[in-house]
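Working notes, structure below.
The values are calculated or read from the model by the stated rules, or taken from the named source; none is laboratory data. Not measured: the values here are computed from a predicted model. Using ideal geometry, Cβ is built from the backbone for each residue, glycine included, and neighbour counts are taken over all protein chains shown.
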Amino acid sequence: PAEQPEEKKGKERVLLAVGFDLERNILSYLLGKDYDVIEAPDREYAFSQIENEKPSLAIFDSEMTVGHENEFAELPVPLIFLTDERDRQAKIRSISCGGSDIIERPIDESFMKRRIRGVLATTEAAV
């Protein structure tokens, strides 16, 4: 029989796709305490990292979905979208793109981590 690749032990991998450098750096730092974070400054790089790195979850700024809704719906990974508190259209677009959850800005670290754990737990239970 073919040899199975050894499953990596340790932190789960989370892709973080946020265009604004400062926000991405802060979120990466906060998430890096609990997850192996793969940073992506734009949608194209994020899509390539999903294919190459196989993260357990991807977090995208909802603005990256504009005009690319179908591409997001086909991604093989659970998605969480970051939206602005008052941006109703971004919330609707995020869910219609196949988003598993939405996190509103301003982001609360504890809330964000609970939402991530919830999506990961739901995904694992479905497997």
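Observations on the structure shown:
- Residue in the stretch 104-120 that is within 19 Å of G19 (Cα to Cα), part of a helix (DSSP H, G or I) and among the hydroxyl-bearing types (S, T, Y) present: no
- Checklist (1) at pLDDT 95 or above; (2) touching a Lys or Arg at 6+ places or on another chain (Cβ under 8 Å); (3) more than 25 Å from E124 (Cα to Cα) applied to I26, failing item: (2)
- Hey, R105 under 15 Å from V14 (Cα atoms) and surrounded by 13 or more Cβ atoms within 10 Å (Cβ to Cβ) or not: no
- Beta carbons closer than 6 Å, at least 6 apart along the sequence or on distinct chains, pair a first residue in the stretch 86-109 that is without any contact (Cβ under 8 Å) to a residue 60 or more places away in the chain with a second that is surrounded by 12 or more Cβ atoms within 10 Å (Cβ to Cβ) and assigned to a loop (DSSP other than H, G, I, E, B) for S100/P78.
- Any hit, the stretch 106-123, residues being basic (K, R) and in contact with a strand residue (DSSP E or B) (Cβ under 7 Å, 6 or more places away or on another chain): yes
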